[in-house]
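Asker: What follows is a structure written as structure tokens; I'll ask about it next.
The values are calculated or read from the model by the stated rules, or taken from the named source; none is laboratory data. Predicted model, so just to flag it, every value in this text is computed and none were measured. No Cβ is skipped: glycine too gets one built from the backbone with ideal geometry, and neighbour counts run over all protein chains shown.
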């Protein structure tokens, strides 16, 4: 078993790469989902095409959320109070496959 402990100087905050275009697209997606949800609550309701659009948008939003969440979990490193890395082996294996370790 290898010793994965690190000194405090080696503990760096993770650097997140933010794709501004993707982030803007997600905001637009969320805004349209909220717009349709608000309209659905009115007496007018949604048309059949708007209901289909709402279903498609929600599916796309959930897919984006799951992708981002998976990426965050796969990028994490966990350290105990003594500074020793205790990242689960499954996560380490995924990181190795992706060339992150």
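Asker: Just a yes or no: is a residue in region 42-53 surrounded by 13 or more Cβ atoms within 10 Å (Cβ to Cβ), in contact with a helix residue (DSSP H, G or I) (Cβ under 7 Å, 6 or more places away or on another chain), assigned to a helix (DSSP H, G or I) and modelled with pLDDT under 90?
Answerer: No; the residues of region 42-53 include none that is surrounded by 13 or more Cβ atoms within 10 Å (Cβ to Cβ), in contact with a helix residue (DSSP H, G or I) (Cβ under 7 Å, 6 or more places away or on another chain), assigned to a helix (DSSP H, G or I) and modelled with pLDDT under 90.
Asker: Show the residue pairs that are 6+ apart or on different chains and have beta-carbon atoms under 8 Å apart, the first residue being within region 79-92 and within 20 Å of residue 69 (Cβ to Cβ), the second being part of a loop (DSSP other than H, G, I, E, B).
Answerer: Within 8 Å, the pairs are 87/4; 87/76; 87/77; 87/78; 88/78; 91/76; 92/101.
Asker: I've got another one for you. Conditions: (1) at pLDDT 90 or above; (2) assigned to a helix (DSSP H, G or I); (3) touching a helix residue (DSSP H, G or I) at 6+ places or on another chain (Cβ under 7 Å). Residue 83 meets all but one. Number of the miss?
Answerer: Checking residue 83 against (1) at pLDDT 90 or above; (2) assigned to a helix (DSSP H, G or I); (3) touching a helix residue (DSSP H, G or I) at 6+ places or on another chain (Cβ under 7 Å), the one that fails is (2).
Asker: Let me ask something else about it. Only residues in region 36-47 that are free of Cβ contacts under 8 Å to residues at least 12 places away in the same chain and on the phi < 0 side of the Ramachandran plot count as the first member; pair them with residues that are in a helix (DSSP H, G or I) and surrounded by fewer than 10 Cβ atoms within 10 Å (Cβ to Cβ), Cβ under 8 angstrom, at least 6 apart or cross-chain, and list the lot.
Answerer: none
Asker: Among the residues of region 54-80, which ones are in contact with a helix residue (DSSP H, G or I) (Cβ under 9 Å, 6 or more places away or on another chain) and either under 30 Å from residue 29 (Cα atoms) or modelled with pLDDT of 95 or more (or both)?
Answerer: 54, 57, 58, 60, 61, 64, 65, 68, 73, 74, 75, 76, listed by residue number.
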